[in-house]
Amino acid sequence: MAESLVYLPQSGDWTCAGCGGPLEPKETDVTYLEGGFNITLLTCPKCNMALLPEYVAMGKMLEVEQLLEDK
Amino acid sequence: MNQQELRDIEHRCIEEEQPRCQAACPIHVDVRAFMAKMASGDLSGARKVLDRTMPLPGVLARICDHPCEEVCLRESIGGPLAMGHLERTCALGTPTGGKPMCMPAKGKSVAGLGGDLSALTLAWDLAKKGYAVTLLVPGDAPGGALRDLPSDILPPEVLTESLDILGRMGVTVKTGQTLSDDLLTEVRQHFDAVYVECAGDNPLGRSRADVDPVTLAYGPEGVFCGGWPAPDGNRSVITLVADGRRAGASVDRFISGATLTTSREKEGVVATRSFTSLKGIATAARSDPDDPVAGYAPEAAKAEAARCLHCDCMECVKVCEYLKHYKGYPKLYTRQIYNNLSIVLGNHYLNRMIDSCTLCGLCTEICPEDFSMAELCLDSRRDMVKRGKMPPSAHEFALEDMAFSNGPDCALVRKEPGRDACAHLFFPGCQLAGEPDGRIPQAYAFLREKLDGGVGLALGCCGAPALWAGRQPLFEEVVAAFKAQWEALGKPRLITACSSCLSVFRQAAPEIPAVSLWEVMEAETGLPETTGFSPAAPVAVHDSCTSRHNEPLQTAVRAILAKRGVAFEELPLSGRYTECCGYGGLAGNAHPELAKAITERRAAASDKDFLATCAMCRDRLSHVGKRAYHLLDILFPGDATDDPATRPDPGFSMRHETRARLRRQLLAAVWNEQVDAKAPAGPDFVVSPEVRARMEARHILDDDVKRTLAHAETTGRKFLDRETGHFLASFTPHRVTYWVEYVMEGDVARVFTTYSHRMSVNNVGK
């Protein structure tokens, strides 16, 4: 499989507010309907949270959602 | 939709029908394309148009008797286009031409007895198809009566050059033949088929009555006859050509072993259903060349050709932003939609198109054949829903909005307090109920005061969003639930303030007697004594598209305005022909940009302030900066002191709030029941106008933001940007995940952005 694209926040120094720990890039799998793709996001390994920046949600992700809706 | 239904629907759109000129031409010259080239001064381009359909174009273009002119739509506005003169001008200005493309030899032979125009046409057509054609002609050269034409009309060298081309196409000419039955009998033995041209003296004695009019077949197999002059002896050049062409087609079918008769309706002069509106087209007088033999001077030819109307229909496309947006016309869309629905695996590129029709029905009113894009799109939506192919994002927001309106926070059905009977039931509609200063309490009080027998109240949604979304079972559920409540109230008469609700109930529950508030006020109650806002300048009446066929409603609205002394004007498209505000059919959900363009187009129809009778129409118009009143603004004084035409579109969240507040307000004021507002779902927040606009565009409600904030603040699950101090948190109530970036300022959050997505992030931490 091809290496997943990395989508980090475009600005800021982000940490997990819950545990105060640092965030780590991690490959995650995003799905919708019967499709999906892998991307690397900043995550808090302790709290199981992924940080999805706005530019990804309103860009690449929206594009893929629309594509999958028309499948 | 099956193939037959597809064809039936497609057939209704007449856009691809031939224009009258082309249909009247037995060989269907593309007159529109020819005129376009001539108007731009492109003689060789125009000649190519002629070459596509004309046999011996150098000859025929000089002498055609142009029956097309008799049917030209310019007749009454300046005179028919001078097609004959223009063709001749084109022929005079272009070389006689080269050999057309011919198919490889078929190894079949055809004989033509005669060398006049019909036989030459047959030879031309069949040689192109790869037949070996031999013309047997009397005298010493082919051409027949063409040789008798004055030499300035048809110079002999032009005829010779054209015959040379025939020769290069492989046509053999045998001169000095005596055309007789003996010759025919002999020739038939050596050729695969024979054509007998009955021009001139017609030595073989066949008359038109002897042959089959469709195939021109005559007695013996493989013999075809044509090319007679008219009974009065006159020769229509183009009719001779038409005979040669028809006989040639028969010969080709005969030799190929195909049926001679089927599917020949499109040959020769045909009927056409084409329609072209002459509305607004200025008269422009026909100008003939000073010397018909020499044809037009270049500029004069351009001017005459420029008078061509390029007849087509496009009537629906002219009035509909949606039909225009997809750059085609209904016939094309029908085929595309059919293909889209038929895809099993692959991309459905037209889902969005199917979902962005406003279902307003204007196209059907305009269409000479009653084509209904609304019917096509709604049926397609139902089909998509049934097969699980409807994109979830297309209508989900509107359906959730409907559920909210019919849920415990907003819905209400009550009899008039202190009354056992309920003769009338006021149903304002969910959009008006979502409008701050919508004047529902005033209107309800007024109806209670004026009408006998008890006036109940029903707050909720009629189910239109489910209907428009193609969710038929859900729609029927909503209507059935309402009907049960209506029956429980003793089957009162329904009085609606919204024309969409009225049309939905009339269509889906015809047993419920329903009437518009405007008709009741006009005919039964009279108008309230206290008045609302009175516009100083005339207003333009905007009929909602769902009242298109409700003439009594439209009349009542105008009568009310007249009684109130409000000056008003009609929009160019109103009443039966009114345009949608862009809300209809949930177009705004599926395609916000297109829906906005539809609203802007409507707003631009007049520079007057608009007067709407539907809350959604008013708000959408207001949203694009158009000053617009609701009729209730004029009937009842409102709480706000400002000019109501400047009242902004409340937006989605405010509408929700307002509906819930209205229910509480009415319960308290009318039924004396105190209902506490529900405890807030989360902290209050503030946003800039830019972020507010982004929330509207992304269909993110205040409630979604508050719940995300509450989730983050109670669980501590959030990210922190150490540079700015901003938090970022997400929450997924059911299908959509919402993200909010914020800081807390005391109890109130300041929200910097909010966004959402439908994809789920699955394996974090796993």
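The values are calculated or read from the model by the stated rules, or taken from the named source; none is laboratory data. Quantities reported herein were computed from a predicted structural model and do not represent experimental measurements. Backbone-built Cβ (ideal geometry, glycine too); neighbour counts: all protein chains shown. Accessible surface is based on the protein model in full, side chains and every heavy atom, while ligands, DNA and RNA are left aside. Shrake-Rupley method; radii C 1.70, N 1.55, O 1.52, S 1.80 Å.
How many residues does region B:533-560 contain that are within 17 Å of B:ALA497 (Cα to Cα) and part of a loop (DSSP other than H, G, I, E, B)?
Qualifying residue count, region B:533-560: 5.
Could we say that B:ALA562 is without any contact (Cβ under 8 Å) to a residue 12 or more places away in the chain and closer than 27 Å to B:ARG655 by Cα here? Before the answer, list the steps.
Values: without any contact (Cβ under 8 Å) to a residue 12 or more places away in the chain: yes; closer than 27 Å to B:ARG655 by Cα: no.
No, not satisfied.
Please work out if B:PRO100 is modelled with pLDDT under 95 and either among the hydroxyl-bearing types (Ser, Thr, Tyr) or open to solvent by 10 Å² or more (accessible area, probe 1.4 Å) (or both).
yes
Would you say B:ASP649 is of a type in the set (Asp, Glu), exposed (fewer than 12 other Cβ atoms within 10 Å of the Cβ), out of contact with any Cys (no Cβ under 9 Å at 6 or more places or on another chain) and assigned to a loop (DSSP other than H, G, I, E, B)?
no
Per-residue answers, yes or no, for (1) buried (at least 19 other Cβ atoms within 10 Å of the Cβ); (2) at pLDDT below 95:
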residue: B:GLY219; (1), (2): no, yes
residue: B:GLY233; (1), (2): no, yes
residue: B:THR239; (1), (2): yes, yes
residue: B:ARG245; (1), (2): yes, no
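Hey, B:ALA749 hits all of (1) under 29 Å from B:LEU432 (Cα atoms); (2) in contact with a Pro (Cβ under 7 Å, 6 or more places away or on another chain); (3) not in a helix (DSSP H, G or I) but one; which does it fall short on?
Answer for B:ALA749: the failing condition is (1).
Has region B:398-409 got any residue that is of a type in the set (Phe, Trp, Tyr) and either within 14 Å of chain A (Cβ to nearest Cβ) or open to solvent by 30 Å² or more (accessible area, probe 1.4 Å) (or both)?
Yes, that holds for at least one residue.
Which of the residues spanning region A:47-71 are more than 8 Å from every other protein chain (Cβ to nearest Cβ) and within 29 Å of B:GLY716 (Cα to Cα)?
Selection gives A:PRO53, A:TYR55, A:VAL56, A:GLY59, A:LYS60.
Name the single residue that is surrounded by the most Cβ atoms within 10 Å (Cβ to Cβ) among those in region B:267-318 being more than 30 Å from B:ILE598 (Cα to Cα) and under 26 Å from the mean Cα position of the chain (by Cα).
B:CYS308
Checking A:GLU24 against (1) free of Cβ contacts under 8 Å to residues at least 24 places away in the same chain; (2) more than 7 Å from chain B (Cβ to nearest Cβ); (3) surrounded by 16 or more Cβ atoms within 10 Å (Cβ to Cβ), only one condition comes out false. Which one?
The single condition A:GLU24 does not satisfy is (3).
Filter region B:338-351 for residues that are within 16 Å of B:HIS395 (Cα to Cα) and at the interface with chain A (Cβ under 8 Å from one of its Cβ atoms) and give the result.
Going residue by residue through region B:338-351, those that are within 16 Å of B:HIS395 (Cα to Cα) are B:350-351.
Hit for region B:338-351 is B:ASN351, nothing else.
Which one of B:VAL187, B:VAL158 is in contact with a Ser or Thr (Cβ under 9 Å, 6 or more places away or on another chain), more than 18 Å from B:SER118 (Cα to Cα) and assigned to a helix (DSSP H, G or I)?
Within the list B:VAL187, B:VAL158, the selection yields B:VAL187.
I'd like the full set of residues that are among the charged types (D, E, K, R), over 18 Å from B:TRP671 (Cα atoms) and part of a helix (DSSP H, G or I), limited to region B:406-450.
Across region B:406-450, the qualifying residue is only B:LYS450.
Which residue pairs have Cβ atoms under 6 Å apart, sit 6 or more places apart or on different chains, and have a first residue in region B:215-235 that is outside any loop (DSSP other than H, G, I, E, B) and a second that is open to solvent by 40 Å² or more (accessible area, probe 1.4 Å)?
B:CYS225/B:TYR218
Report, by residue number, each residue of region B:669-705 that is part of a helix (DSSP H, G or I) and either free of Cβ contacts under 8 Å to residues at least 40 places away in the same chain or over 50 Å from the mean Cα position of the chain (by Cα) (or both). Outline the logic, then answer.
First, pick out the residues of region B:669-705 that are part of a helix (DSSP H, G or I): B:669-671, B:689-697, B:702-705.
Those that are part of a helix (DSSP H, G or I) and either free of Cβ contacts under 8 Å to residues at least 40 places away in the same chain or over 50 Å from the mean Cα position of the chain (by Cα) (or both): B:PRO689, B:GLU690, B:ALA693.
Can you run down the residue pairs with Cβ atoms below 8 Å, 6 or more apart or on separate chains, where the first is in region B:706-718 and under 14 Å from B:THR754 (Cα atoms) and the partner is modelled with pLDDT under 95 and among the aromatic types (Phe, Trp, Tyr)?
Sorted first by the residue in region B:706-718, then by its partner, the list stays empty.
For the subset of region B:38-50 comprising residues that are free of Cβ contacts under 8 Å to residues at least 40 places away in the same chain and either hydroxyl-bearing (Ser, Thr, Tyr) or part of a helix (DSSP H, G or I) (or both), which member is farthest from B:ARG264 (Cα to Cα)?
Residue satisfying both the conditions and the ranking: B:GLY45.
For region B:163-184: of the residues being assigned to a loop (DSSP other than H, G, I, E, B) and farther than 17 Å from B:ALA123 by Cβ, which is most open to solvent (accessible area, probe 1.4 Å)?
Restricting to residues being assigned to a loop (DSSP other than H, G, I, E, B) and farther than 17 Å from B:ALA123 by Cβ, the top hit is B:THR178.
If you take the residues of region B:9-37 that are in contact (Cβ under 8 Å) with a residue 24 or more places away in the chain and among the small types (Gly, Ala, Ser), which of them is nearest to B:ILE337 (Cα to Cα)?
Per the stated criteria, the residue is B:ALA23.
Is one or more of the residues making up region B:393-401 closer than 22 Å to B:LEU502 by Cα, over 27 Å from the mean Cα position of the chain (by Cα) and modelled with pLDDT of 95 or more?
The answer is yes, given that some residue of region B:393-401 is closer than 22 Å to B:LEU502 by Cα, over 27 Å from the mean Cα position of the chain (by Cα) and modelled with pLDDT of 95 or more.
Among the numbered conditions (1) closer than 16 Å to B:TRP739 by Cβ; (2) modelled with pLDDT under 95; (3) not small (Gly, Ala, Ser), tell me where A:TYR55 comes up short.
(2)
Name, by its number, the condition in (1) in contact with a strand residue (DSSP E or B) (Cβ under 9 Å, 6 or more places away or on another chain); (2) more than 7 Å from chain A (Cβ to nearest Cβ); (3) open to solvent by 50 Å² or more (accessible area, probe 1.4 Å) that does not hold for B:THR754.
(3)
Pairs needed: first member in region B:69-94, closer than 22 Å to B:SER274 by Cα and open to solvent by 20 Å² or more (accessible area, probe 1.4 Å); second member anywhere, acidic (Asp, Glu) and not in a loop (DSSP other than H, G, I, E, B); C-beta distance under 6 Å; at least 6 residues apart or different chains.
Taking only residues 6 or more apart or on different chains, the pairs are B:PRO80/B:GLU69.
Yes or no: B:MET390 modelled with pLDDT of 95 or more, of a type in the set (A, V, I, L, M, F, W, C), open to solvent by 10 Å² or more (accessible area, probe 1.4 Å) and more than 22 Å from B:GLN665 (Cβ to Cβ)?
When the stated conditions are applied, B:MET390 passes them.
Go through (1) facing chain B (nearest Cβ under 7 Å); (2) over 9 Å from the mean Cα position of the chain (by Cα); (3) in a strand (DSSP E or B) and name the single condition A:PHE37 misses.
(1)
Taking the residues in region B:578-592 that are outside any loop (DSSP other than H, G, I, E, B) and in contact with a Lys or Arg (Cβ under 8 Å, 6 or more places away or on another chain) as candidates, determine which candidate is nearest to B:THR358 (Cα to Cα).
Here is the first cut: in region B:578-592, the residues outside any loop (DSSP other than H, G, I, E, B) are B:584-590, B:592.
In the following step, the residues that additionally are in contact with a Lys or Arg (Cβ under 8 Å, 6 or more places away or on another chain) were identified as B:588, B:590.
Values: B:GLY588: 9, B:ALA590: 10 Å.
Residue satisfying both the conditions and the ranking: B:GLY588.
Return the residue satisfying two criteria in turn: it lies in region B:711-722 and is surrounded by fewer than 17 Cβ atoms within 10 Å (Cβ to Cβ) and more than 7 Å from chain A (Cβ to nearest Cβ), and of such residues it is nearest to A:PRO45 (Cα to Cα).
B:THR715
Which residues, counting only those in region B:323-375, are of a type in the set (A, V, I, L, M, F, W, C), assigned to a loop (DSSP other than H, G, I, E, B) and within 25 Å of B:SER574 (Cα to Cα)?
Residues of region B:323-375 of a type in the set (A, V, I, L, M, F, W, C): B:323, B:332, B:337, B:341, B:343-345, B:350, B:353-354, B:357, B:359-360, B:362-363, B:366-367, B:371, B:373-374.
Next cut, assigned to a loop (DSSP other than H, G, I, E, B) only: B:343-345, B:350, B:357, B:359-360, B:367, B:371.
B:CYS357, B:LEU359, B:CYS360, B:CYS367, B:PHE371 - these are the residues of region B:323-375 that are of a type in the set (A, V, I, L, M, F, W, C), assigned to a loop (DSSP other than H, G, I, E, B) and within 25 Å of B:SER574 (Cα to Cα).
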